[in-house]
Amino acid sequence: MNTKNCKIDIISVQVKQLERENIKMTFSEILNHPEILNQEKSISNRTVHYSIIEETNDYIIGFLRSTLDKDLPAKIDKETKAISKLDVKESEGLVYGSIFLYSKDLSCIFFEVNKNCIYLDSFRKFILKCFVESIQLKQQTSFDIIFGTIYRKKEYERALEMTQFKGFKMKVHQPAKLLAEITNVNRSLEDKIEIDFLPEIQKAAELNSDIAEIHYKVSAKEKGLYKDKIIPIIESFSKLLGFSEIRENIDSVEIVGYTIDNTKAKKPIDLLGDVYYGVFKISVPRLDANLQKNERKDCIKKLYEKEYLILKSYL
């Protein structure tokens, strides 16, 4: 039996109240609401079901089941190379699972990144769709859910506080896919993601390029990039990098300059490399029969216990 690394995004969670007079709900209350919990909705061409498999005073462990029943792939005989259709009944589909843990006091979510299931933003879409189609919930409150990137070394703040910016570099792969992911995410956002380098990325996609690289540099010792131009660009990445589906197509985001604690040597800061995430390993059977709920639950609890005190000092 093989093993695989499961990447876990660790993201801050904020519930934004949209109307002052409505009831204010916490994220824990939203996750437990009967018109969201144990519901099943069509999201991103999949049928998604959400359940809670464990809850304590400190956290909620939720499980997402994603069913794909359209555009199913064919199978191949590795010896004869014969291709044939999967033996799947009309009432059946392919099913995938992912797990998350929401820490109540940290107000952050440990979310398994599984492209075969759904990304975190799609879970947000699931919750909002449950809200829109609810009977009682939408009469009680109105809200949006904002996910924020957590940086492991506080490099984001250090980048913003640079005394002089000497260079900026961003590299992405599959520009066309990145553009499609940004468009897809923006469909559900009130405050849209804006990226300053959209024309350059669009040009790379039009040219069928595998990569796009944007690089700004000031060589003169006494000069730097204009602060009023570069700081909004850095701030936009704090939101952009919070979406796994977008981040997967970004190879690097590097800012070079002089920091408050080092005014003599140029310091490169890699925003992408310092995004907070975790990893756990699970055994992978050739044919999955139960979505490995228990294994995933045990692993994400261990990761939470390992990272808790570090995150407590950050947040």
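Under 20 Å from a point 7 Å along the Cα-to-Cβ line of Ile193: which residues of segment 26-64 have their amide N that close?
Residues passing the 20 Å test: 43-46.
Give me the one-decimal Kirkwood hydrodynamic radius in Å for segment 155-270, with the sum taken over alpha-carbon pairs. Could the numbers behind the result be given before it?
On the way: mean 1/r = 0.0666 Å⁻¹.
So the Kirkwood estimate lands at 15.0 Å.
Whole Å is fine, so just give me how far the alpha carbon centre of segment 13-60 lies from that of segment 266-310.
Computed from Cα coordinates, the inter-centre distance equals 22 Å.
If each residue of separation counts as 0.36 nm, what is the full-extension length gain between Tyr226 and Lys297 once their alpha-carbon separation is subtracted? Could you put the intermediate results ahead of the total?
Numbers: separation 71, 0.36 × 71 = 25.56 nm, distance 4.79 nm.
That works out to 20.8 nm of additional length.
Considering the zone a paramagnetic label at Lys203 would reach in this model (a point 7 Å from Cα along the Cα-to-Cβ line), which residues of segment 212-245 have amide N under 20 Å from it?
212-218, 226, 230, 233
Please provide three numbers in whole Å: the alpha-carbon extents of segment 98-188 along the principal axes, with the largest listed first.
Between the extreme Cα coordinates on each principal axis of segment 98-188 lie 55, 36, 25 Å.
With a point put 7 Å past each Cα toward its Cβ, work out how far Glu79 is from Asn57 in nm, to one decimal.
In this crude spin-label approximation the distance works out to 6.1 nm.
Using a 10 Å cut-off around each Cβ, can you sort Tyr258, Tyr59 from fewest to most neighbouring Cβ atoms?
So the residues, fewest neighbours to most, are Tyr258, Tyr59.
What ranking do Ile23, Ile233 get, fewest neighbouring Cβ atoms within 10 angstrom at the top? Show your work: numbers first, answer last.
Details: Ile23 13, Ile233 19.
So the ranking, lowest neighbour count to highest, is Ile23, Ile233.
Within a 10 angstrom radius of the beta carbon, how do Glu19, Glu307, Glu55 rank from fewest other beta carbons to most?
Starting with the residue having the fewest Cβ neighbours, the order is Glu19, Glu55, Glu307.
If Rh is defined by the Kirkwood formula over all Cα pairs and Rg also comes from Cα, what ratio Rg/Rh do you get for the chain?
The Rg/Rh ratio comes out at 1.00.
Mind scanning Lys166/Lys239; Lys154/Lys227; Lys169/Lys223; Lys171/Lys227; Lys129/Lys306 and naming the pairs with a C-alpha gap bigger than 25 Å?
Values: Lys166/Lys239 23 Å; Lys154/Lys227 20 Å; Lys169/Lys223 17 Å; Lys171/Lys227 21 Å; Lys129/Lys306 34 Å.
Beyond 25 Å between Cα atoms: Lys129/Lys306.
What full-extension length gain, to one decimal in nm, is calculated for Lys7 and Ile23 as 0.36 nm per residue of separation minus the Cα-Cα distance?
Gain on stretching Lys7 to Ile23: 2.2 nm.
Excluding residues fewer than 8 places away in the same chain, name every one of the lysines whose C-alpha is closer than 17 Å to that of Lys70.
Here the lysines satisfying the reach criterion relative to Lys70 are Lys41, Lys85, Lys89, Lys115.
Expected output is a single nm value to one decimal: the length gained when fully extending between Ser313 and Asn45, i.e. 0.36 nm times separation in residues minus the C-alpha distance. What is it?
92.5 nm
Every number in this text was worked out from the coordinates using simple rules, so none of it is lab data. On a predicted model such as this, the values are computed, not experimentally measured, just so you know. All Cβ positions, even for glycine, are placed from backbone atoms using ideal geometry, and neighbour counts span all protein chains on display.
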